[in-house]
Amino acid sequence: MSGRASRQEEGESESAKLRHKEELSRRIKEQKVVVDELSNLKKNRKVYRQQPNSNIFFLADRTETLSQCKNTLDELKKAHQEMENSEKTKIKK
């Protein structure tokens, strides 16, 4: 009975990891689009940032926003790479 329960928990764990990986991939794609759009903006264009959980927008510095978005993209890529590496080490064991 306990063997069945542990396999079920393991399956749920794998399912959660897969969902997390897909969510991470989706966020990376979105962030790439944002970075690309900000990179291609003309110098005199205005950029607005939306307040979290609100419909309020504030004027933001274009270069600072681009820098923050690039940093976020790098962090997401790093997290994705760590996830990939942990999966590879599990397969080797």
| Whole-number Å³ per residue for the convex hull built on Cα positions in the range 23-89 | 89 Å³
| If each of SER13 and SER25 carries a label point 7 Å out from its Cα toward its Cβ, how far apart are those two points in nm? | 2.2 nm
| request: Estimate the FRET efficiency between LYS88 and GLU37 by the formula 1/(1 + (r/R0)^6), using the beta-carbon distance for r and 35 Å for R0, to the nearest 0.05. | output: 0.60
| Filter on LYS21/LYS78; LYS46/LYS77; LYS29/LYS90; LYS21/LYS90; LYS17/LYS70 - keep pairs with C-alpha separation over 21 Å | LYS46/LYS77; LYS29/LYS90; LYS17/LYS70
| query | Taking 0.36 nm per residue of separation and subtracting the Cα-Cα distance, what length does fully extending ARG49 through GLN68 add? | reply | 5.7 nm
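Could you tell me which trypsin sites (Lys or Arg not before Pro) in the range 13-58 are loop residues by DSSP with no more than 13 other beta carbons within 10 angstrom of their beta carbon? Show your work: numbers first, answer last.
On the way: sites: LYS17, ARG19, LYS21, ARG26, ARG27, LYS29, LYS32, LYS42, LYS43, ARG45, LYS46, ARG49; in loops: LYS42, LYS43, ARG45, LYS46.
Counting only loop positions with at most 13 other Cβ atoms within 10 Å, the trypsin sites (Lys or Arg not before Pro) in the range 13-58 are LYS42, LYS43, ARG45, LYS46.
Every read-out reported here was derived from the displayed coordinates using simple, explicitly stated rules and does not represent laboratory data. All of these numbers come straight from a predicted model, not from anything done at the bench. Cβ: placed from backbone, ideal geometry, glycine included. Neighbour counts: every protein chain shown.
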